[in-house]
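First the structure, in the form of structure tokens, and then the observations on it.
Laboratory data are not the source of any read-out in this text; all were calculated from the coordinates shown. The model shown is predicted, which means the values in this text are computed figures rather than measured ones. Neighbour counts run over all protein chains shown; Cβ positions are idealised from the backbone, glycine included.
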Amino acid sequence: MNYLRTAILLAGLTALFMGVGYLIGGPAGALIALIVAGAMNLVSYWNADRLVLAMHDAHEVDERTAPDLVGLVRELAQRAGLPMPRVYLMDNPQPNAFATGRNPEHAAVAATAGLLRMLSREEIAGVLAHELAHVRNRDTLTMTITATIAGAVSMLAQFGMFFGGHRGSQGPGIIGTIAMVILAPVAAMLVQMAISRTREYAADELGASISGRPEALASALARISNAAQQIENPTAEHNPATAHLFIVNPLTGHGMDNLFSTHPSTANRIAALEQLARDMGQGGFGGRPSAPAQPAQPSGPWGNAGRRGRWG
């Protein structure tokens with residue numbers, strides 16, 4: 001059912017893109033928009049992972065530069081029945097992570113230095129398992145294409161403002177054009193958020209099953225959500241269309257209504273994980289880990305490529 005809903009929402013987003021094209025250029029504009037959407041999806045399929053990783057200044061690490069991180073990802077990938085993804089580290093103080101890639105064979109998992117410094121090993125494993133769940137569910141491609149089309153809708157609507165919309169007898173006129181410029185990006189954003197929310201719950205459940213510790217993932221979500229409101233993620237602030245890729249919304253967004261959140265409520269996600277922990281006989285959120293994996297600076301395999309270290 002989740003996959004059907006996602007497909008319907010993606011179709012709606014594409015239709016919105018074509019609709020904006022029609023308002024700007026009539027039937028020819030709709031056709032051009034359809035062709036552009038197809039071309040953008042093709043480009044996203046082949047290159048989106050590299051673009052997203054570059055946007056967030058992520059650098060690849062391996063067993064030599066970050067042995068513990070890469071080893072943990074390898075262990076979790078084996079549990080999930082996935083090929084070993086590429087592993088990236090972002091020199092970013094906010095604890096967070098995301099996955100990208102067109103399929104499980106070409107996937108990448110990226111974590112911030114803040115995540116490795118502030119969370120315990122069990123919590124980090126829960127976060128990485130969540131991201132591998134996105135890879136296994138093939139959410140990474142869907143969510144990247146969603147971001148691409150949503151961004152294009154906003155750009156096209158702004159473009160239409162300069163041309164005043166389709167000028168034929170069925171054209172929207174100046175009022176319709178202004179409405180299009182305002183409402184089309186909002187509609188695209190809402191569809192993007194609906195897709196993101198649908199996939200986050202599924203990744204939480206599968207990720208908890210992969211790690212075997214739903215209470216650790218619940219603890220990680222609580223810590224990351226709290227920290228994200230206090231610690232800025234500069235690259236995410238400059239590229240807000242990628243916010244839905246992260247495990248928790250990386251944008252500070254103080255005072256933002258829940259309707260405009262890229263992610264489900266953290267409290268609701270934790271409640272679902274607590275229920276899963278009870279079903280697995282683990283007792284829920286109360287016994288969450290408390291000690292961070294690296295209490296000081298992000299040194300060793302976590303935050304500084306080229307230095308070695310182990311959990312203590």
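Give me Met18, Met90 sorted ascending by neighbouring Cβ count inside 10 Å, so fewest comes first. Don't skip to the answer; put the middle values down first.
On the way: Met18 20, Met90 24.
Going from least to most buried by this count: Met18, Met90.
Which peptide among 65-75, 199-209 comes first, and what is the full order, when sorted by highest mean count of other Cβ atoms within 10 Å?
Descending packing order for the listed peptides: 199-209, 65-75.
To two decimal places, what compactness ratio does region 10-115 give when its Cα radius of gyration is scaled by 2.2 N^0.38 Å?
The reported ratio for this selection is 1.44.
Mind ranking 271-277, 80-86 by how tightly packed they are, going by the mean number of other C-beta atoms within 10 angstrom, highest first?
271-277, 80-86
Could you work out the local net charge near His134, counting Lys and Arg as +1, Asp and Glu as -1, over the other residues with Cβ closer than 11 Å to its Cβ?
Spelling it out: positives minus negatives among the neighbours equals -1.
Could you go through region 229-241 in sequence order and give the Karplus-derived ³J(HN,Hα) for each residue, using 6.51 cos²θ - 1.76 cosθ + 1.60 with θ = phi - 60°, rounded to whole Hz, and x for Gly and Pro?
7, 10, 10, 6, 10, x, 5, 5, 5, 7, 10, x, 5
Arrange the following residues from fewest to most other Cβ atoms within 10 Å of their Cβ: Ile270, Ile24. Mind showing how you got there, number by number?
Details: Ile270 23, Ile24 27.
Lowest to highest Cβ neighbour count: Ile270, Ile24.
Please report the net charge: other residues with Cβ closer than 15 Å to the Cβ of Gly281, K and R +1, D and E -1.
On the way: positive: Arg213, Arg278; negative: Glu215, Glu274, Asp279.
Net charge around Gly281: -1.
What is the sum of charges around Val248, taking Lys and Arg as +1, Asp and Glu as -1, for the other residues whose C-beta is under 10 Å from the C-beta of Val248?
+1
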